[in-house]
Amino acid sequence: MSLLEAALLAVVEGLTEFLPVSSTGHLIIASALLGIEPTVFSKNFLVIIQLPAILAVLVLYWRRFLQSVRLYVRLLIAFVPAAVVGLAFGDTIDGLLENVTVVAVALLVGGVVLLWVDRLFAANEQRGAGAEVTERRSVVVGLFQCLSLVPGVSRSAATIVGGLASGVDRKTAAEFSFLLAVPTMLAATLYKLYKTHAAGELAVDNLPVLGLGAVVAFGVALVAIRGFLRYLVRYGFRAFGWYRIAVGGALLVLQYVLKVPLSIVG
């Protein structure tokens, strides 16, 4: 993987990780267009550079992490369901990750859902305006996060919709999703770092690629989080729904019509 390829993939990762559009689908397309070979290192690269994305959340919300121990309890409650399911069905999930059709269909179905989310939870938002994500609501968010184990669903989309379903407004749901990304992505990143090290892929030659990817992903994630939150509060999910449908359709066209070889790099 070249430095330019690393920078471009980091931009895609930083932009899409916190948006409800599925970073996986975008990385499939970007990897195919760049012609990146799916090596052990390239497959783990985009998981590893989630660490700077986590840092972006910590930089933007560091005060929240210092306010109350209850926040950590709520994040733990929301984190556990997906962690348990992920460990129990890891091989099945890895198999789905190699299936581009699954990703494309998940993007399409999720897009249709997002077209109706604003209307579906409008009453919940009015009642829950200003409410916080309690321990009980954390359970709901955690169960919804399990859906994101299906590639293409999007962790951000699943957890934000879970927050809306639990009875909070869009801003609160999105911010809790950002905070929940810290333990979720940290666990995934550390696991991938371990696997990459065990495979001998953390060689000195790869450090510049990782370093550049980390810097780019951090900067882009900072902008993406701020911009997405402002847009979501003002306009809602509808545009993201149409966008997901377009990306899912593009994947199916690339694979079945244009016969472009596609693979998951991340």
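The values are calculated or read from the model by the stated rules, or taken from the named source; none is laboratory data. Keep in mind it's a predicted model, so treat the numbers as computed, not measured. Heads up, the Cβs are rebuilt from the backbone with ideal geometry, glycines too, and the neighbour counts pull from every protein chain shown. For accessibility, only protein heavy atoms count, side chains too; no ligands or nucleic acids. Shrake-Rupley method; radii C 1.70, N 1.55, O 1.52, S 1.80 Å.
Output the number of residues of the range 63-104 satisfying the condition of being aromatic (Phe, Trp, Tyr) and outside any helix (DSSP H, G or I).
Total meeting the criteria: 1.
For Glu135, are the conditions met, namely being in contact (Cβ under 8 Å) with a residue 60 or more places away in the chain, farther than 27 Å from Leu27 by Cβ and out of contact with any strand residue (DSSP E or B) (no Cβ under 6 Å at 6 or more places or on another chain)?
Yes, satisfied.
Could you please find all residues in the range 149-179 being touching a Pro at 6+ places or on another chain (Cβ under 6 Å) and not in a helix (DSSP H, G or I)?
Matches in the range 149-179: Ser154 only.
Return the pairs, sorted by first residue and then second, in which the second residue is assigned to a loop (DSSP other than H, G, I, E, B) and aromatic (Phe, Trp, Tyr), the first residue lies in the range 232-250 and is within 14 Å of Val161 (Cβ to Cβ), the beta carbons are less than 6 Å apart, and the residues are 6+ apart or on different chains.
Note: no pairs meet the criteria.
Going through the range 234-252 one residue at a time, which ones are over 30 Å from Leu3 (Cβ atoms) and open to solvent by 70 Å² or more (accessible area, probe 1.4 Å)?
Listed by number, the residues that qualify are Arg234, Tyr235, Arg238, Trp242.
Tell me which residues, restricted to the range 17-36, are free of Cβ contacts under 8 Å to residues at least 12 places away in the same chain and on the phi < 0 side of the Ramachandran plot.
Hit for the range 17-36 is Leu33, nothing else.
What number of residues within the range 100-151 satisfy the criterion of being closer than 18 Å to Phe178 by Cα and either open to solvent by less than 20 Å² (accessible area, probe 1.4 Å) or hydrophobic (A, V, I, L, M, F, W, C) (or both)?
Residues in the range 100-151 being closer than 18 Å to Phe178 by Cα and either open to solvent by less than 20 Å² (accessible area, probe 1.4 Å) or hydrophobic (A, V, I, L, M, F, W, C) (or both): 13 in total.
One line per residue, one yes/no per condition, for (1) closer than 23 Å to Leu229 by Cα; (2) modelled with pLDDT of 90 or more:
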residue: Val57; (1), (2): yes, yes
residue: Phe65; (1), (2): yes, yes
residue: Ser68; (1), (2): yes, no
residue: Leu71; (1), (2): yes, yes
residue: Glu98; (1), (2): no, no
residue: Val105; (1), (2): no, yes
residue: Leu147; (1), (2): yes, yes
residue: Ala158; (1), (2): yes, yes
residue: Gly162; (1), (2): yes, yes
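Name the residue that is surrounded by the fewest Cβ atoms within 10 Å (Cβ to Cβ), counting only residues in the range 190-218 that are in contact with a Pro (Cβ under 9 Å, 6 or more places away or on another chain) and either at pLDDT 95 or above or hydrophobic (A, V, I, L, M, F, W, C) (or both).
Top of the filtered list is Val215.
For Glu13, indicate whether it is on the phi < 0 side of the Ramachandran plot and in contact with a helix residue (DSSP H, G or I) (Cβ under 6 Å, 6 or more places away or on another chain).
Criteria met by Glu13.
State the number of residues belonging to the range 107-144 that are within 21 Å of Arg234 (Cβ to Cβ) and either assigned to a helix (DSSP H, G or I) or modelled with pLDDT of 95 or more (or both).
Residues meeting the conditions: 16.
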